Amino acid sequence: MSVKLIPPDLKQCQAEKPNGNSFMTLGGVPGLVRCKEKPTVVAYENNPAEDGLKGSMSLCDSCAKKLVETHGSEFATLKPIRRKQ
């Protein structure tokens, strides 16, 4: 089975965050929404996942910090996005 990876989006962070709804809120379904911030880095996985592929995704500063806090600094290599001036 062939899996196509989604390339990094240089216009919007690709991390997903909780939407703010929980069993305690009235209305709304708990779930995830895509971060709306402008990305500053692309994270490249250092080791292949179970499917044998190495993914990459664009992240804003706060999402990149959360990635490192959650998975450690050895999980992915973060490379700055160079913007044309």
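Data overview
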| quantity | calculated |
| --- | --- |
| Karplus 3J(HN,Hα) series, Hz, for region 17-27 with 6.51 cos²θ - 1.76 cosθ + 1.60 (x for Gly, Pro) | 10, x, 7, x, 8, 8, 5, 8, 8, 8, x |
| Packing rank of 5-15, 51-61, 67-77, where each peptide gets the mean count of other beta carbons within 10 Å, highest leading | 51-61, 5-15, 67-77 |
| Amide H contacts of residue 41 (H built 1.01 Å from N, under 5 Å, at least 5 apart or other chain) | 59, 81 |
| Amide proton proximity set for residue 15, modelled H, under 5 Å, gap of 5+ | 35, 60 |
| In region 1-67, GluC sites (Glu not before Pro) in a DSSP loop with at most 12 other beta-carbon atoms within 10 Å | 50 |
| Amide H contacts under 5 Å for residue 9, placed H, 5+ residues apart | 58 |
| Largest-first ellipsoid semi-axes for the chain, taking √(5λ) over the Cα gyration tensor eigenvalues, angstrom | 25, 18, 14 |
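Here, each number is a calculation from the coordinates, and none is a lab measurement. As the structure is a computational prediction, the values presented were derived from the model and not from experiment. Methodologically, a virtual Cβ is constructed for each residue, glycine included, from the backbone with ideal geometry; neighbour enumeration extends over all protein chains shown.
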